[in-house]
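Scroll down for the structure; my scribbles are underneath it.
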Amino acid sequence: MSGAAAIHGCSLVLAHAPDLVRHGSKPARELATDRDGLLALIAGALRSYEDALGYPPHQVFVGNLRPDALWETERPWWRHPATPRREGPFGVIVSEEELYERMAAADAFQLFRLDDEPGENGAVTLFRDGAPAGHMEQAHDLDESLSAAVLLENLACKATGELALEHLLRRTGLPPEELEYALGCGEEAVGDRYQRGGGNLAKAIAEQAGCMNASGSDVKAFCCGPIHALVIAASLVSAGVYRHVAVVAGGSLAKLGMKFSGALKHGVPVLEDVLAGEWAWAASKALAAGVCMLAIISAAGFASFPHALLAIPVVVLIGLAFAALGLSVNALASGYDFFSYYMTLFLTPMMMLSGVFFPVERLPAPILALAQAMPLYHGVELVRPLLGGIVPGDAPMHLAVLAAYALAGFYLATVLTRRRLLQ
């Protein structure tokens, strides 16, 4: 029977794993060639379980704090802990000891060993409170996909995914045996040298959580994005293929300690990759929107080719300029309401005065000068002629202004964001 699909519940879990940080991708690479006591520096920068519980964003993640509470919390947040609570409405935060126990229970081949026995060649040593506590064995001495390091990542993903699914089943009251299908959307992939990534973490997670009747498959998306998997899950339910589908994902051990070098150097999170990543994403959103609009305009017969194609890189530059301005405003914002000032006092007047709806030549001279100082005016002066098959006049000047807004705005956003996090 087919029908509408609905999301019945969601669970979010965190596993504190300080002794696994050394096995994260970047720390492991740098520790392999360390001669300057880097391991001791990393160990000194690790948090206790109580500190991790009290970190305000973690409490937001599991639902004990509203996201708005972060605006009211003095920065840096790690210096101003919230009430440390293990469980919240959305999920749970477990200790490294519990994580290790779950990883051992999830290991069907007994390669994860918490004992004092030395590991064989190729084994990865496990630590607890900085002292050796066991090891992870490799499953094959020639297959890189079955090396101890890769299997440790896979096992951590399986154990944390199982934790999230168990919590979800408890919250929704769904009996484990009634779950029919699981879709994995995590970043880890399982397999061997004959089919790298061809394994099935979703089914393994469901089986470990007691869902013995569930089949499953994995759907990969960047940074554990569940959107693709949610759409497929809804399609399976709407089509009447399954009644109950779970979308699951475990943690990525490889990303532990990814920004450790900046943390050691400054005592604050690394900033530039977050800003640059958001900046580039904003440009890609502008590109996608621009291409869609060009397709619509073309279908309506209002675009003249090939000149219209030149509008696409201009749209990307416009996106970069406005993304940089937005990031600067974000760094100044004291709360969500602050953005309404930016929209009302800057974006809306600029849209009205920049030639989007009527010719700017009709504006009084002072207003015209103000409009010409805004980035949108230069974007309009470039894109509109191109769509009409005309080479814009003063194109180098318009491009230079947009590039200046993009570069200066990005630099300003970097300075303001760093200053804010250091306050």
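The values are calculated or read from the model by the stated rules, or taken from the named source; none is laboratory data. Every value quoted in this text rests on a predicted model; they were computed, and no experiment measured them. Cβ coordinates were reconstructed from backbone atoms using ideal geometry, including for glycine residues, and neighbour counts include every protein chain displayed.
Step by step: first the residues of the stretch 228-265, then only those that are in a loop (DSSP other than H, G, I, E, B) and more than 16 Å from the chain's Cα centre (by Cα), then the one that is nearest to ALA159 (Cα to Cα). Which residue is that?
So the first thing to find is which residues in the stretch 228-265 are in a loop (DSSP other than H, G, I, E, B), and the list is 239-244, 249-252, 256-259.
Narrowing further to those that are more than 16 Å from the chain's Cα centre (by Cα): 239-244.
Details: ALA239: 31, GLY240: 30, VAL241: 28, TYR242: 25, ARG243: 25, HIS244: 22 Å.
Ranking the candidates gives HIS244 first.
Restricting to the stretch 201-238, and then to whatever is of a type in the set (Val, Ile, Thr) and without any contact (Cβ under 8 Å) to a residue 24 or more places away in the chain, can you tell me which residue is surrounded by the most Cβ atoms within 10 Å (Cβ to Cβ)?
So the residue we want is VAL231.
Return yes or no: is VAL329 free of Cβ contacts under 8 Å to residues at least 24 places away in the same chain, under 16 Å from LEU407 (Cα atoms) and either touching a helix residue (DSSP H, G or I) at 6+ places or on another chain (Cβ under 6 Å) or part of a helix (DSSP H, G or I) (or both)?
yes
Any idea which of ALA282, ALA303 is crowded, with 16+ Cβ neighbours inside 10 Å, at pLDDT below 85 and not in a helix (DSSP H, G or I)? Step through it out loud before you land on a result.
Working: ALA282 fails: not in a helix (DSSP H, G or I).
It is ALA303.
Before we move on, is SER298 modelled with pLDDT of 80 or more and either in a helix (DSSP H, G or I) or in contact with a Cys (Cβ under 9 Å, 6 or more places away or on another chain) (or both)?
yes
Test of understanding: among GLU162, GLU166, which residue is among the acidic types (Asp, Glu), in contact with a helix residue (DSSP H, G or I) (Cβ under 6 Å, 6 or more places away or on another chain), assigned by TED's automatic domain parsing to the domain that holds ASP116 and crowded, with 16+ Cβ neighbours inside 10 Å?
Exactly one of GLU162, GLU166 is among the acidic types (Asp, Glu), in contact with a helix residue (DSSP H, G or I) (Cβ under 6 Å, 6 or more places away or on another chain), assigned by TED's automatic domain parsing to the domain that holds ASP116 and crowded, with 16+ Cβ neighbours inside 10 Å, namely GLU162.
Could you identify the single residue in ALA254, ALA246 that is surrounded by 15 or more Cβ atoms within 10 Å (Cβ to Cβ), closer than 21 Å to LEU169 by Cα and of a type in the set (A, V, I, L, M, F, W, C)?
Exactly one residue qualifies, and that residue is ALA246.
Kindly indicate which of GLY199, GLY186, GLY210 is assigned to a loop (DSSP other than H, G, I, E, B), within 19 Å of HIS167 (Cα to Cα) and over 16 Å from the mean Cα position of the chain (by Cα).
That would be GLY210, the only listed residue that is assigned to a loop (DSSP other than H, G, I, E, B), within 19 Å of HIS167 (Cα to Cα) and over 16 Å from the mean Cα position of the chain (by Cα).
Looking at the stretch 3-29, which of its residues are surrounded by 15 or more Cβ atoms within 10 Å (Cβ to Cβ) and over 24 Å from LYS158 (Cα atoms)?
Correct list: ALA5 only.
Return the pair list, or none, for Cβ contacts closer than 6 Å from residues in the stretch 387-409 that are within 19 Å of GLY290 (Cβ to Cβ) to residues that are of a type outside the set (Lys, Arg) and not in a helix (DSSP H, G or I), at least 6 apart or on different chains.
Within 6 Å, the pairs are LEU387/ALA303; GLY388/SER304; GLY389/SER304.
Could you please find all residues in the stretch 122-146 being under 20 Å from GLY197 (Cβ atoms), among the small types (Gly, Ala, Ser) and surrounded by fewer than 19 Cβ atoms within 10 Å (Cβ to Cβ)?
Hit for the stretch 122-146 is ALA139, nothing else.
Please verify whether the stretch 136-144 includes one or more residues that are more than 30 Å from GLY9 (Cα to Cα), touching a residue at least 60 places away in the same chain (Cβ under 8 Å) and part of a loop (DSSP other than H, G, I, E, B).
Within the stretch 136-144, none of the residues are more than 30 Å from GLY9 (Cα to Cα), touching a residue at least 60 places away in the same chain (Cβ under 8 Å) and part of a loop (DSSP other than H, G, I, E, B).
Looking only at the stretch 369-419, which residues are outside any helix (DSSP H, G or I) and under 21 Å from MET352 (Cβ atoms)?
ALA373, MET374
Across the stretch 89-121, which residue is farthest from the chain's Cα centre (by Cα) among those that are farther than 23 Å from LEU165 by Cβ and crowded, with 17+ Cβ neighbours inside 10 Å?
Across the stretch 89-121, the extreme among qualifying residues is GLY119.
Taking the stated definitions as given, is PRO132 closer than 30 Å to HIS244 by Cα and either without any contact (Cβ under 8 Å) to a residue 60 or more places away in the chain or not assigned by TED's automatic domain parsing to the domain that holds ILE42 (or both)?
No: the conditions fail for PRO132.
Restricting attention to the stretch 360-376, does a residue exist that is closer than 15 Å to LEU402 by Cβ and of a type in the set (Gly, Ala, Ser)?
Scanning the stretch 360-376 turns up at least one residue that is closer than 15 Å to LEU402 by Cβ and of a type in the set (Gly, Ala, Ser).
Tell me, which residue of the stretch 351-406 that is more than 36 Å from the chain's Cα centre (by Cα) and of a type in the set (Phe, Trp, Tyr) is surrounded by the most Cβ atoms within 10 Å (Cβ to Cβ)?
If we take residues in the stretch 351-406 being more than 36 Å from the chain's Cα centre (by Cα) and of a type in the set (Phe, Trp, Tyr), then PHE358 is surrounded by the most Cβ atoms within 10 Å (Cβ to Cβ).
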